[in-house]
Amino acid sequence: MPELVIKGATVVDAAGRGGTPTDVAIDAGHIAEVGPNLDGDRVLDASGCIVSPGFVDLHSHLRQPGKEEAETIETGARAAARGGYTAIVAMPNTTPAMDCAAVVTEVLELGRSAACEVLASAAITVDRAGEQLSPMGELTDLGVRMFTDDGTGVQDDALMRRAMEYAVGLGVTLAQHCEVSALSAGTCMHEGEVSARLGLPGQPAEAEELMVARDIALARLTGGRIHLQHLSTAGSVELVRAAKARGVAVTAEATTHHFTLTDRCVEGYDPVYKVHPPLRTDADVAAVRTGLADGTIDAIATDHAPHTIEDKERPFDAAPPGMLGLETALALALTELGESIDLVDLLALLSWRPAAIAGVEDRHGRPVAPGEPANLCVFDPSAIWTVDPDDTASRSRNNPYAGRTLTGKVRHTLWSGIPTVIDGVATR
Ligand code: DOR
């Protein structure tokens, strides 16, 4: 008898959508059988649900070490599990930064008891200061597959070129927070009609687009691969589309907030809407959605960025940027994109395409089929719920969707065959 059976769900994976609801039996961390009328020691009801590969987030801020009052690896991973994630990439802008073996090892060790697989990214430059490369080879040996200075972009063209050359040799992914600091320093929102009206200093779309264009050029020059983080402007989407058409090895992600919120949200000066890159215009949101639909953008990422209530209560220009995202991503994707993007393609954006970018396609985003690792998300695509910032596994509450009614909710998540969420409740 298998340890566990998921009963009555429709399978959706990279091969497409299964016909009729079925059962999925799980034993010793793997899928044992998929078919009707299976029995197991334990049964998880999944009627009306989809069972898909678990999601992979390329962009989670877990705040440990250094800012444990906002989040820990344990609480962030638990929030991820509640969102249907089975793997998340921890961003390196911790204190101290994840730029050396000691800190990366600490993060990986803390991740071992977490509710999903915690993958460590590492900084491209020492202390993310943009001056000197981190020991990329040593960090690759520890298992790091993605390097980024996220929170800031690498400004120095020659240093970025060198990082790309090393990354080619090491076979790792370089990811970039595209923002030219000469154009963004001192700003707190998108530069445009709204910032002019509110009297807040804005950063132009070009602050992002210049670095997107430069990194595409450097990828061409070096034969390297670049992953562009949280694309937010129509111009960036167009640059990536053109680069892909020319065969440059570029991938890109968009966050849930950049396809659902605009700079008009800032009109009440509420810092919950402050984020980097900033919320942009309707036209930018439309372009990001088109990019997600036509394959220009490869993945939906969360940029889950917890901040304490005290920090987020500061005035708009002084508050830290960032918003929570792990527990709302699936529902936002289904609610906002479900009519324009087929479910299989939406799940590709959340699961198997980011799994490939993170280098974990051997165990995440796999087919729901016998012999595969049981890293699975079971969700009800028609459950309607209202976002309550207090209903969270995160330590923080900076959720910009408070009060919003969304469709689609995670019911169960399994990581390595073990339930991490049952009926929406985290179990570890
Ligand atoms: O809004 C953001 N918050 N953007 C970033 O790049 C960093 C992040 C954070 O760490 O809070």
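Some notes on this structure:
- Residues that are in contact with a Phe, Trp or Tyr (Cβ under 6 Å, 6 or more places away or on another chain), away from the ligand (no atom under 16 Å from the Cβ) and among the aliphatic types (A, V, I, L, M) occur at least once in region 7-20.
- Residue tally, condition among the β-branched types (Val, Ile, Thr) and within 16 Å of the ligand (Cβ to nearest atom), over region 218-239: 1
- Qualifying residue in region 337-357 (condition: out of contact with any helix residue (DSSP H, G or I) (no Cβ under 9 Å at 6 or more places or on another chain), farther than 27 Å from Glu372 by Cβ and not polar (S, T, N, Q)): yes
- Positions within region 76-98 being of a type outside the set (S, T, N, Q) and without any contact (Cβ under 8 Å) to a residue 40 or more places away in the chain, in sequence order: Ala90, Pro96, Ala97, Met98
- Of residues in region 304-320 being of a type in the set (A, V, I, L, M) and in contact (Cβ under 8 Å) with a residue 40 or more places away in the chain, the one nearest to the ligand (Cβ to nearest atom): Ala305
- Check on Val272, within 16 Å of the ligand (Cβ to nearest atom), in contact with a Lys or Arg (Cβ under 7 Å, 6 or more places away or on another chain), of a type in the set (A, V, I, L, M, F, W, C) and at pLDDT 95 or above: yes
- Those residues of region 280-316 which are closer than 23 Å to Thr251 by Cβ and assigned to a loop (DSSP other than H, G, I, E, B), in sequence order: Arg280, Asp294, Gly295, Thr296, Ile297, Asp298, Thr302, Asp303, Ala305
- Taking residues in region 321-332 that are over 13 Å from Leu261 (Cα atoms), and partners anywhere that are within 16 Å of the ligand (Cβ to nearest atom) and among the aromatic types (Phe, Trp, Tyr), the pairs with Cβ atoms closer than 6 Å and at least 6 places apart or on different chains are Thr328/Tyr401.
- Residues of region 276-303 satisfying the condition of being surrounded by 24 or more Cβ atoms within 10 Å (Cβ to Cβ) and either without any contact (Cβ under 8 Å) to a residue 60 or more places away in the chain or more than 14 Å from the ligand (Cβ to nearest atom) (or both): Asp284, Ala287, Val288, Leu292, Thr296, Ile297, Asp298, Ala299, Ile300
- Top-ranked residue in region 91-114 [being within 14 Å of the ligand (Cβ to nearest atom) and within 17 Å of Ala70 (Cα to Cα); ranked as surrounded by the fewest Cβ atoms within 10 Å (Cβ to Cβ)]: Thr95
- Count - residues of region 12-71 that are small (Gly, Ala, Ser), without any contact (Cβ under 8 Å) to a residue 40 or more places away in the chain and crowded, with 20+ Cβ neighbours inside 10 Å: 2
- Members of region 368-386 that are outside any strand (DSSP E or B), crowded, with 19+ Cβ neighbours inside 10 Å and not hydrophobic (A, V, I, L, M, F, W, C): Asn375
- Among residues of region 333-349 that are in a loop (DSSP other than H, G, I, E, B), those with a beta-carbon under 8 Å from a residue that is of a type in the set (Lys, Arg) at least six positions away or on a different chain give the pairs Ser340/Arg289.
- Verdict on Ala15 being under 20 Å from Val360 (Cα atoms) and within 21 Å of the chain's Cα centre (by Cα): no
- Test: Thr105 is in a helix (DSSP H, G or I), of a type in the set (S, T, N, Q) and touching a residue at least 12 places away in the same chain (Cβ under 8 Å): yes
- Qualifying residue in region 240-252 (condition: closer than 21 Å to Pro400 by Cα and away from the ligand (no atom under 16 Å from the Cβ)): no
The values are calculated or read from the model by the stated rules, or taken from the named source; none is laboratory data. Predicted, not measured: the structure shown is a model, and the values here were computed from it. Neighbour counts run over all protein chains shown; Cβ positions are idealised from the backbone, glycine included.
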